[in-house]
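First comes the structure, then the notes that go with it.
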Amino acid sequence: MARGGRWIERWDPEDESFWAEQGERIARRNLLFSVLSEHIGFSIWTLWSVMVLFMGPEYGIDPAGKFFLIGTATLVGAVIRVPYTFAVARFGGRNWTVFSALMLLLPTGAAYAVMEPGTSYGTFLAVAALTGVGGGNFASSMTNINAFFPLRKKGWALGLNAGGGNIGVPVVQLVGLLVIGTAGAAHPRLVLGIYLPLIVLAALCAALYMDNLAPVKNDTGAAKEAVRDPHTWIMSFLYVGTFGSFIGYSFAFGLVLQTQFGRTPLQAASLTFIGPLLGSLIRPVGGSLADRFGGARITLWTFAAMAAATGVVVHASMARSLPVFLVGFIALFVLSGLGNGSTYKMIPGIFKAKALAKGMAGEAAEAYGRRLSGAAMGLIGAVGALGGLAINLAFRQSFLTAGTGTGAFVAFLLCYAVCFTVTWAVYLRRPAAAPAPVASADAEPKLSYAEV
């Protein structure tokens with residue numbers, strides 16, 4: 001194994017002796033500093049969920065305009081995930097982590113420059129769009145860590161990586177609460193000043209302690225195959241229901257509290273961080289449960305529980321009961337975090353199951369699963385993040401037409417019911433016994449996803 005220029009030439013995590021002797025130690029070190037960089041990236045991506053709490057009447061922006069600001073950040077963060085996924089193989093995981101961390105200086109510095117009354121709405125939109133680069137960090141980080149760990153450890157590793165990154169959402173909201181509670185709502189630049197040195201620290205740690213994996217290459221054939229595979233799009237839809245909910249609610253929670261329940265910036269900030277924090281902390285638990293019981297089973301019952309929690313929120317919204325609303329909404333965060341972990345565990349398992357169905361075995365099946373899942377993860381992550389945009393646009397329309405978020409929550413409940421049905425029908429329903437058909441070279445092999 002050569003380490004020239006922090007490149008590792010041989011990497012075989014499925015080899016248990018290699019893993020025990022050196023692989024696990026290296027993988028865990030890279031995971032640690034990947035989490036740090038992704039954590040800061042999430043904080044910058046969701047920066048405007050905090051900035052809007054500082055934007056009082058003197059800014060001249062109504063709630064619909066604020067929802068559109070945070071929706072713009074969500075959109076860019078979703079779209080940019082696709083090129084970020086392929087950047088890891090092109091430039092190396094360590095090299096790209098350094099670059100993508102330093103890129104966060106651009107939106108943070110721009111926000112520092114413009115965050116004051118009198119700035120045009122178009123300028124705010126442009127700066128909010130820049131923060132989308134933080135959303136891309138998730139895709140490159142997950143693709144990188146996916147390559148470091150063996151299949152039996154992916155649920156735990158990817159859950160920890162994503163969960164540690166997701167915690168960047170409540171942390172930036174806690175920083176906003178600290179600033180509002182101590183300096184007041186007229187000092188948003190203090191939040192930005194705190195993050196500028198942290199960005200530099202994350203880039204420096206990545207440069208000093210992370211590695212590039214030479215065996216990881218961009219596989220355009222795998223990308224094309226993943227795009228054509230229906231399971232890529234099915235999992236994208238399910239990830240809209242889990243991660244799209246998490247990131248969409250993270251952006252919107254404080255603004256909903258201000259708009260529907262009349263909370264002050266300090267009151268909203270004191271509650272906003274709780275849901276994202278719990279949802280982030282439980283994501284590795286979702287991955288671990290999926291490792292043990294199967295991702296499809298955990299995902300199925302997560303969607304059932306999310307539908308029930310949404311029913312509680314609809315009731316609370318109609319009754320204007322803030323305590324009940326908080327219970328239901330925070331439950332949605334927890335459940336979406338659980339589902340985030342379980343859905344990502346499903347992806348490599350699905351493609352390994354396809355390999356086994358094609359007659360592959362051993363390392364050939366493992367390699368096929370890694371190849372296709374790595375190609376699919378970026379697209380699934382990007383489409384899933386678009387769910388956050390849909391949530392914010394739904395809230396915007398609901399408040400514009402009815403003055404409350406009730407209509408949006410009803411739509412979300414229906415979405416979770418569809419996600420539940422799709423998960424059961426595709427990955428858990430046992431097909432009825434039937435005579436074996438005549439084999440065809442072009443036929444899709446019969447797959448069993450019961451253990452996915």
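Please verify whether the stretch 29-39 includes one or more residues that are in a helix (DSSP H, G or I), of a type in the set (Gly, Ala, Ser) and closer than 19 Å to VAL175 by Cα. Lay out the reasoning, then the answer.
Of the stretch 29-39, the ones in a helix (DSSP H, G or I) are 29-39.
From what's left, of a type in the set (Gly, Ala, Ser): 34, 37.
Subset that is closer than 19 Å to VAL175 by Cα: 37.
Among the residues of the stretch 29-39, at least one is in a helix (DSSP H, G or I), of a type in the set (Gly, Ala, Ser) and closer than 19 Å to VAL175 by Cα, which makes the answer yes.
Would you point out which residue out of VAL227, VAL256, VAL240 is in a helix (DSSP H, G or I) and either among the acidic types (Asp, Glu) or closer than 22 Å to ALA162 by Cα (or both)?
Matching residue, one of VAL227, VAL256, VAL240: VAL240.
Out of the stretch 199-235, which residues are at pLDDT below 95 and polar (S, T, N, Q)?
Scanning the stretch 199-235 gives ASN218, THR220, THR232.
Let's see how each residue does on (1) at pLDDT 90 or above; (2) open to solvent by 40 Å² or more (accessible area, probe 1.4 Å):
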site	(1), (2)
ALA2	no, yes
SER17	yes, yes
ASN30	yes, no
SER37	yes, no
MET55	yes, no
LEU75	yes, yes
VAL79	yes, yes
THR85	no, no
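Checking ALA113 against (1) more than 17 Å from HIS39 (Cα to Cα); (2) aliphatic (A, V, I, L, M); (3) in contact (Cβ under 8 Å) with a residue 40 or more places away in the chain, which single condition isn't satisfied?
ALA113 satisfies all of (1) more than 17 Å from HIS39 (Cα to Cα); (2) aliphatic (A, V, I, L, M); (3) in contact (Cβ under 8 Å) with a residue 40 or more places away in the chain except (3).
Take ARG90 and decide whether it is modelled with pLDDT of 95 or more, part of a helix (DSSP H, G or I) and basic (Lys, Arg).
On the way: modelled with pLDDT of 95 or more: no; part of a helix (DSSP H, G or I): yes; basic (Lys, Arg): yes.
Considered against the rule, which asks whether it is modelled with pLDDT of 95 or more, part of a helix (DSSP H, G or I) and basic (Lys, Arg), ARG90 comes out as no.
Restricting attention to the stretch 57-73, and to residues there that are in a helix (DSSP H, G or I) and of a type in the set (A, V, I, L, M, F, W, C), which single residue is modelled with the lowest pLDDT? Give the derivation first.
So the first thing to find is which residues in the stretch 57-73 are in a helix (DSSP H, G or I), and the list is 57-59, 63-73.
The next check asks that each one be of a type in the set (A, V, I, L, M, F, W, C); those that pass are 64, 67-70, 73.
Values: ALA64: 88, PHE67: 91, PHE68: 92, LEU69: 93, ILE70: 92, ALA73: 93.
Filtering first and then ranking leaves ALA64.
For the structure I just gave you, tell me whether LEU289 is aliphatic (A, V, I, L, M), within 13 Å of PHE333 (Cα to Cα), in a helix (DSSP H, G or I) and open to solvent by 10 Å² or more (accessible area, probe 1.4 Å). Walk me through how you get there before you give the answer.
Values: aliphatic (A, V, I, L, M): yes; within 13 Å of PHE333 (Cα to Cα): no; in a helix (DSSP H, G or I): yes; open to solvent by 10 Å² or more (accessible area, probe 1.4 Å): yes.
Taking the combined requirement at face value, the residue does not satisfy it.
For residues that are farther than 14 Å from TYR249 by Cβ, surrounded by fewer than 24 Cβ atoms within 10 Å (Cβ to Cβ) and among the small types (Gly, Ala, Ser), tally how many sit in the stretch 292-338.
9
Let me confirm something: among ILE199, ILE180, ILE167, which residue is touching a residue at least 40 places away in the same chain (Cβ under 8 Å), over 17 Å from VAL114 (Cα atoms) and over 24 Å from the mean Cα position of the chain (by Cα)?
Step by step, each of ILE199, ILE180, ILE167 is checked, and only ILE180 is touching a residue at least 40 places away in the same chain (Cβ under 8 Å), over 17 Å from VAL114 (Cα atoms) and over 24 Å from the mean Cα position of the chain (by Cα).
When residues of the stretch 114-136 are filtered for being out of contact with any Lys or Arg (no Cβ under 9 Å at 6 or more places or on another chain) and part of a helix (DSSP H, G or I), how many remain? Steps first, please.
Let us first name the residues in the stretch 114-136 that are out of contact with any Lys or Arg (no Cβ under 9 Å at 6 or more places or on another chain), namely 114, 117-134.
Narrowing further to those that are part of a helix (DSSP H, G or I): 114, 121-130, 133-134.
Looking only at that region, the number is 13.
Out of the residues in the stretch 396-452 that are of a type in the set (Lys, Arg) and at pLDDT below 90, state the one that is surrounded by the most Cβ atoms within 10 Å (Cβ to Cβ).
For the stretch 396-452, the residue satisfying everything is ARG429.
What tally of residues in the stretch 169-200 results from selecting those that are over 29 Å from THR264 (Cα atoms) and touching a helix residue (DSSP H, G or I) at 6+ places or on another chain (Cβ under 8 Å)?
Residues flagged as over 29 Å from THR264 (Cα atoms) and touching a helix residue (DSSP H, G or I) at 6+ places or on another chain (Cβ under 8 Å) within the stretch 169-200 amount to 2.
The values are calculated or read from the model by the stated rules, or taken from the named source; none is laboratory data. Since we're looking at a predicted model, the values are computed, not measured. Note that each Cβ is placed from the backbone with ideal geometry, even for glycine, and that neighbours are counted across all protein chains shown. Heavy atoms of the whole protein, side chains included, go into the accessibility calculation; ligands, DNA and RNA do not. Shrake-Rupley method; radii C 1.70, N 1.55, O 1.52, S 1.80 Å.
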